[in-house]
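Each value in this text was obtained by applying a stated rule to the coordinates, not by laboratory testing. No experiment lies behind these values; they were computed from the predicted model shown. All Cβ positions, even for glycine, are placed from backbone atoms using ideal geometry, and neighbour counts span all protein chains on display.
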């Protein structure tokens, strides 16, 4: 009987150890923990974001639009063409006010001369260190 319990325990430990690298690779963990590859103001996003495709960045900018009509894909638009997608985080997007400064962490999904898309995103603590790149 003890051999069965020991075997089950070892199997559970091995399975957990094998799954940790996969779980740790998720975008959610990357957003919550992990240092951004770059920080910049929304006015500079179009210039800097193409170099950070697929990487986490922090962007500071003035909120122009908050669209929570689709709770599974809430959108916050900053001045200068930055669109941030908050999938499933309607309550977080609702805390954002048009005309106020927002700090957003997100993965650069797209960067064109027309604008930058960050997806998925989370709001960043405005008191956290922010040292933006500049032209």
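Counting neighbouring beta carbons within 10 Å and listing from fewest to most, the residues 74, 96, 121 come out as 96, 74, 121. What is segment 57-122 by shape, rounded, prolate or oblate, if you read a ≥ b ≥ c off the alpha carbon gyration tensor as root eigenvalues and call it rounded for a/c under 1.5, prolate for a/b larger than b/c, and oblate otherwise? Note, shape of segment 57-122 comes out oblate. The mean sequence separation of alpha-carbon pairs under 8 Å and at least six residues apart, normalised by the residue count of segment 55-105, gives a relative contact order of 43 percent.
Of 64, 97, the sequence from fewest to most neighbouring Cβ atoms within 10 angstrom is 97, 64.
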